[in-house]
1. For the range 1-82, which GluC sites (Glu not before Pro) are in a loop by DSSP, counting at most 11 other Cβ atoms within 10 Å?
2. Place the peptides 16-22, 39-45 in order of packing, highest mean first, counting for every residue the other Cβ atoms within 10 Å and averaging per peptide.
3. Taking θ as phi - 60°, what are the ³J(HN,Hα) couplings along the range 21-30 by the Karplus curve (6.51, -1.76, 1.60), each to the nearest whole Hz, with x for Gly and Pro?
4. I want the local charge near D128. Using Cβ-Cβ distances under 12 Å, sum +1 for each Lys or Arg and -1 for each Asp or Glu among the other residues.
5. How large is the accessible surface per residue of the chain, computed with a 1.4 Å probe and reported in Å² as a whole number?
6. Taking every pair of alpha-carbon atoms in the range 54-145, what share in percent sits in each 10 Å bin, from 0 to the bin with the longest distance?
7. In terms of modelled amide H atoms, which long-range or inter-chain residues lie less than 5 Å from the amide H of L171?
8. Provide the net charge surrounding C146, with neighbours chosen by a C-beta distance below 11 Å and charges set as Lys +1, Arg +1, Asp -1, Glu -1.
Amino acid sequence: MAYALEDFCQDSRTILMSDAPIQNRIDKVADKLKGLLTDPDFVAATFTEGMPAGKRELYHDPDLDFYVLAHVQEGGKRGTPHSHGASWAIYGNVNDFTRMREYRRVNPESEEGAVLAQSAEYDLRRGDTKGYGPGYIHSTEHPQTCWVIRVTGTDLDKIERYRFRKLRDRLLENA
Ligand SMILES: [Fe+2]
(Lines give C-alpha, C1' and ligand atoms only; values in the text may rest on other atoms or scores of the structure.)
Protein backbone atom coordinates (compact mmCIF):
# COMPACT_ATOMS: atom_id res chain seq x y z
CA MET A 1 0.00 0.00 0.00
CA ALA A 2 1.26 3.46 -0.85
CA TYR A 3 2.64 5.44 2.06
CA ALA A 4 2.03 9.14 1.44
CA LEU A 5 3.61 12.20 3.02
CA GLU A 6 0.33 12.88 4.86
CA ASP A 7 0.42 9.36 6.36
CA PHE A 8 4.00 9.85 7.50
CA CYS A 9 3.24 13.25 9.07
CA GLN A 10 0.20 11.88 10.91
CA ASP A 11 2.15 8.84 12.16
CA SER A 12 4.97 11.14 13.28
CA ARG A 13 2.54 13.35 15.19
CA THR A 14 1.11 10.37 17.02
CA ILE A 15 4.54 8.99 17.89
CA LEU A 16 6.04 12.33 18.93
CA MET A 17 3.09 13.11 21.22
CA SER A 18 3.66 9.95 23.26
CA ASP A 19 5.40 9.93 26.64
CA ALA A 20 8.29 7.68 25.57
CA PRO A 21 11.91 8.94 25.90
CA ILE A 22 12.96 11.16 22.99
CA GLN A 23 15.43 8.70 21.41
CA ASN A 24 12.75 6.02 21.52
CA ARG A 25 10.27 8.33 19.74
CA ILE A 26 12.67 9.47 17.02
CA ASP A 27 13.74 5.87 16.40
CA LYS A 28 10.07 5.06 15.74
CA VAL A 29 9.67 8.05 13.41
CA ALA A 30 12.90 6.99 11.64
CA ASP A 31 11.37 3.56 11.12
CA LYS A 32 8.21 5.09 9.58
CA LEU A 33 10.35 7.28 7.31
CA LYS A 34 11.67 4.15 5.59
CA GLY A 35 8.22 3.60 4.05
CA LEU A 36 8.16 7.11 2.63
CA LEU A 37 11.65 6.95 1.12
CA THR A 38 10.79 3.86 -0.89
CA ASP A 39 7.30 4.93 -1.98
CA PRO A 40 7.47 5.50 -5.77
CA ASP A 41 4.64 8.07 -5.81
CA PHE A 42 6.23 10.11 -3.04
CA VAL A 43 9.64 10.03 -4.71
CA ALA A 44 8.19 11.02 -8.12
CA ALA A 45 6.25 13.89 -6.56
CA THR A 46 9.24 15.17 -4.60
CA PHE A 47 12.34 14.78 -6.77
CA THR A 48 13.18 14.91 -10.47
CA GLU A 49 16.39 14.04 -12.27
CA GLY A 50 18.65 17.06 -12.66
CA MET A 51 17.00 18.99 -9.82
CA PRO A 52 19.52 21.54 -8.51
CA ALA A 53 21.09 21.18 -5.07
CA GLY A 54 19.06 22.74 -2.27
CA LYS A 55 16.51 22.32 0.49
CA ARG A 56 12.71 22.46 0.37
CA GLU A 57 10.20 22.33 3.21
CA LEU A 58 7.61 19.60 2.62
CA TYR A 59 5.81 19.94 5.94
CA HIS A 60 5.93 21.93 9.16
CA ASP A 61 3.82 20.81 12.06
CA PRO A 62 2.14 23.86 13.60
CA ASP A 63 1.73 22.25 17.03
CA LEU A 64 4.82 20.10 17.52
CA ASP A 65 7.16 22.27 15.38
CA PHE A 66 8.81 19.38 13.52
CA TYR A 67 9.81 19.78 9.86
CA VAL A 68 9.99 17.37 6.93
CA LEU A 69 12.65 18.63 4.50
CA ALA A 70 13.69 17.42 1.04
CA HIS A 71 17.35 17.93 0.20
CA VAL A 72 19.19 17.51 -3.07
CA GLN A 73 22.75 17.06 -1.81
CA GLU A 74 25.52 18.00 -4.19
CA GLY A 75 28.11 15.27 -4.80
CA GLY A 76 31.67 15.56 -3.53
CA LYS A 77 30.73 17.38 -0.32
CA ARG A 78 31.67 16.51 3.23
CA GLY A 79 30.15 18.40 6.16
CA THR A 80 31.83 19.15 9.46
CA PRO A 81 30.86 17.52 12.79
CA HIS A 82 27.80 19.09 14.41
CA SER A 83 24.97 18.38 16.82
CA HIS A 84 21.35 19.49 16.84
CA GLY A 85 21.60 21.04 20.29
CA ALA A 86 18.55 20.24 22.40
CA SER A 87 16.63 19.18 19.32
CA TRP A 88 17.05 16.18 16.99
CA ALA A 89 17.13 15.16 13.35
CA ILE A 90 16.44 12.04 11.34
CA TYR A 91 18.25 11.40 8.06
CA GLY A 92 17.12 9.06 5.29
CA ASN A 93 18.27 8.47 1.72
CA VAL A 94 15.98 8.18 -1.29
CA ASN A 95 18.81 7.18 -3.62
CA ASP A 96 22.59 6.72 -3.66
CA PHE A 97 24.04 7.11 -0.14
CA THR A 98 25.09 9.37 2.69
CA ARG A 99 28.27 8.45 4.55
CA MET A 100 27.61 9.16 8.21
CA ARG A 101 30.22 9.54 10.90
CA GLU A 102 29.60 9.76 14.63
CA TYR A 103 31.92 11.31 17.19
CA ARG A 104 32.32 11.51 20.93
CA ARG A 105 33.92 14.31 22.82
CA VAL A 106 36.94 13.01 24.77
CA ASN A 107 37.83 16.11 26.78
CA PRO A 108 35.84 17.85 29.54
CA GLU A 109 32.96 20.15 28.54
CA SER A 110 34.59 22.81 30.73
CA GLU A 111 37.44 23.20 28.20
CA GLU A 112 36.68 25.67 25.46
CA GLY A 113 37.69 23.58 22.46
CA ALA A 114 36.23 20.15 21.82
CA VAL A 115 38.49 17.18 21.13
CA LEU A 116 36.52 14.65 19.09
CA ALA A 117 37.15 10.99 18.40
CA GLN A 118 35.26 9.25 15.62
CA SER A 119 33.14 6.46 17.08
CA ALA A 120 31.30 5.08 14.03
CA GLU A 121 31.17 5.27 10.25
CA TYR A 122 28.50 3.77 8.00
CA ASP A 123 26.47 4.49 4.89
CA LEU A 124 22.76 5.29 4.74
CA ARG A 125 21.54 3.84 1.43
CA ARG A 126 18.14 3.89 -0.28
CA GLY A 127 15.48 3.39 2.38
CA ASP A 128 17.91 3.56 5.33
CA THR A 129 17.19 6.03 8.13
CA LYS A 130 18.76 7.03 11.43
CA GLY A 131 17.69 9.36 14.21
CA TYR A 132 20.19 11.57 16.02
CA GLY A 133 18.96 12.71 19.42
CA PRO A 134 19.90 15.80 21.44
CA GLY A 135 23.63 16.50 21.61
CA TYR A 136 24.58 13.66 19.24
CA ILE A 137 27.69 14.76 17.25
CA HIS A 138 27.88 13.50 13.66
CA SER A 139 28.81 14.53 10.11
CA THR A 140 27.54 13.76 6.64
CA GLU A 141 29.36 13.15 3.37
CA HIS A 142 27.84 12.80 -0.09
CA PRO A 143 30.38 11.39 -2.57
CA GLN A 144 27.74 11.60 -5.33
CA THR A 145 24.70 13.81 -5.73
CA CYS A 146 21.81 12.24 -3.81
CA TRP A 147 18.28 12.82 -2.57
CA VAL A 148 17.75 12.98 1.18
CA ILE A 149 14.75 13.48 3.46
CA ARG A 150 15.49 15.04 6.81
CA VAL A 151 13.02 15.35 9.67
CA THR A 152 14.00 17.89 12.33
CA GLY A 153 12.52 18.63 15.73
CA THR A 154 12.43 22.37 15.07
CA ASP A 155 14.08 24.94 12.77
CA LEU A 156 17.69 23.94 13.49
CA ASP A 157 19.01 27.20 12.05
CA LYS A 158 17.41 29.05 14.95
CA ILE A 159 18.75 27.13 17.95
CA GLU A 160 22.08 27.00 19.71
CA ARG A 161 24.00 23.89 18.71
CA TYR A 162 27.50 22.53 18.39
CA ARG A 163 29.40 23.07 15.13
CA PHE A 164 33.02 22.04 14.68
CA ARG A 165 35.37 25.01 14.36
CA LYS A 166 38.84 24.31 12.96
CA LEU A 167 40.65 26.93 15.01
CA ARG A 168 39.01 25.93 18.31
CA ASP A 169 38.34 22.19 18.07
CA ARG A 170 40.38 19.14 17.22
CA LEU A 171 39.53 15.84 15.58
CA LEU A 172 41.74 12.95 16.65
CA GLU A 173 43.15 10.93 13.76
CA ASN A 174 42.66 7.16 13.89
CA ALA A 175 41.10 7.37 17.34
FE1 LIG B 1 22.85 16.67 11.49
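The values are calculated or read from the model by the stated rules, or taken from the named source; none is laboratory data. Bear in mind the structure is a predicted one, so any value in this text is a computation, not a measurement. Every residue, glycine among them, receives a Cβ derived from its backbone with ideal geometry; neighbour counts consider all protein chains shown. Ligands, DNA and RNA are stripped out before the accessible areas are found, and what is left, the full protein with its side chains, is counted by its heavy atoms. Shrake-Rupley method; radii C 1.70, N 1.55, O 1.52, S 1.80 Å.
1. Working: sites: E6, E49, E57, E74; in loops: E49, E74.
Within the range 1-82, the qualifying GluC sites (Glu not before Pro) (loop, at most 11 other Cβ atoms within 10 Å) are E49.
2. Details: 16-22: 12.0, 39-45: 14.3.
Packing proxy ranking, top to bottom: 39-45, 16-22.
3. x, 4, 5, 4, 5, 6, 5, 5, 5, 4
4. Details: positive: K34, R99, R125, R126, K130; negative: D31, D96, D123.
Once all neighbours under 12 Å are counted, the net charge is +2.
5. Details: 9340 Å² over 175 residues.
Ligands and nucleic acids excluded, the result is 53 Å² per residue.
6. 15, 44, 30, 11, 0
7. It is L116, by chain and number.
8. Working: positive: K77, R99, R125, R126; negative: E74, D96, D123, E141.
Result for the local shell: 0.
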